[in-house]
Amino acid sequence: MCLTAREAHLGIAETEDLCMAQTSCHSYFAICSSGEIRDGIGFVAAENSYFDPDDITAKLGIDPFDKKKMGTPRKNGYGHYPFSNWACCRQDEPALDAEEQCRRIVRLLRPFIPHLQEIKKEYNVDYSIIIVPHICNEENPVLGFDSEIIEFCYETGTEISVDMYIYDKE
């Protein structure tokens, strides 16, 4: 299970400013340590799930927009990251079509399927396409998955996660 944007990237104060006058959505691909969420603790990485994000960058030749290395200090200054994470291929457009965003991610990563399969064999990691809709005033984005997306997820063992933010304009 990869951490969602809310769990890994954003604080509560930051999310409050994200709802503008209309609904929007972004999506991205993430590789993260395998593990589980434990009551009272949060996400705990499996013992054999450590990886250096720079190794993933080197293997794929894709620059991530975000990365975290297990054991490094958290950005907020509280503790250290108990997991590794590498995220790429962020898609912001079309703002109301998560399916098209996912399709673009899949098309960018399709040539790297053999490399992704090797990474999965080498490290104990999880793959996710994470969809982050910010829904304002009940205006919903398109959310669906065609066979091209499903096939990629099957071939790579990728999960799809939706990290939804709902706002009331009033």
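The values are calculated or read from the model by the stated rules, or taken from the named source; none is laboratory data. These figures come from a predicted structure and were not determined experimentally. When we count neighbours, we look across all protein chains shown, and the Cβ atoms used for this are built from the backbone with ideal geometry, even at glycine. Protein only, heavy atoms only, side chains kept; ligands, DNA and RNA dropped before computing areas. Shrake-Rupley method; radii C 1.70, N 1.55, O 1.52, S 1.80 Å.
Brief remarks on what is shown
- For segment 24-49, a residue qualifies if it is buried (at least 16 other Cβ atoms within 10 Å of the Cβ) and either touching a Lys or Arg at 6+ places or on another chain (Cβ under 6 Å) or in contact (Cβ under 8 Å) with a residue 60 or more places away in the chain (or both), and the qualifying residues are SER24, CYS25, HIS26, SER27, TYR28, PHE29, ALA30, ILE31, CYS32, SER33, SER34, SER49.
- Single residue of GLU93, GLU118, GLU159 found to be free of Cβ contacts under 8 Å to residues at least 40 places away in the same chain and within 28 Å of ALA58 (Cα to Cα): GLU93
- Selected residue (only one of GLU93, GLU47 is assigned to a loop (DSSP other than H, G, I, E, B), among the charged types (D, E, K, R), more than 22 Å from ASP163 (Cβ to Cβ) and out of contact with any Leu (no Cβ under 6 Å at 6 or more places or on another chain)): GLU47
- Residue among ILE160, ILE130, ILE105, ILE149 that is modelled with pLDDT of 95 or more, in contact with a helix residue (DSSP H, G or I) (Cβ under 6 Å, 6 or more places away or on another chain) and within 22 Å of CYS32 (Cβ to Cβ): ILE149
- Within segment 107-127, the set of residues being basic (Lys, Arg) and within 15 Å of ALA46 (Cβ to Cβ) comprises LYS120 only.
- Scanning segment 50-67 for residues that are surrounded by 11 or more Cβ atoms within 10 Å (Cβ to Cβ), among the charged types (D, E, K, R) and either modelled with pLDDT under 95 or assigned to a loop (DSSP other than H, G, I, E, B) (or both) yields one hit, ASP52.
- Taken as a whole, the structure places SER147 among residues that are loosely packed, with under 13 Cβ neighbours inside 10 Å and under 27 Å from SER24 (Cβ atoms).
- ILE105 falls short on exactly one of the conditions (1) open to solvent by 80 Å² or more (accessible area, probe 1.4 Å); (2) in a helix (DSSP H, G or I), and that condition is (1).
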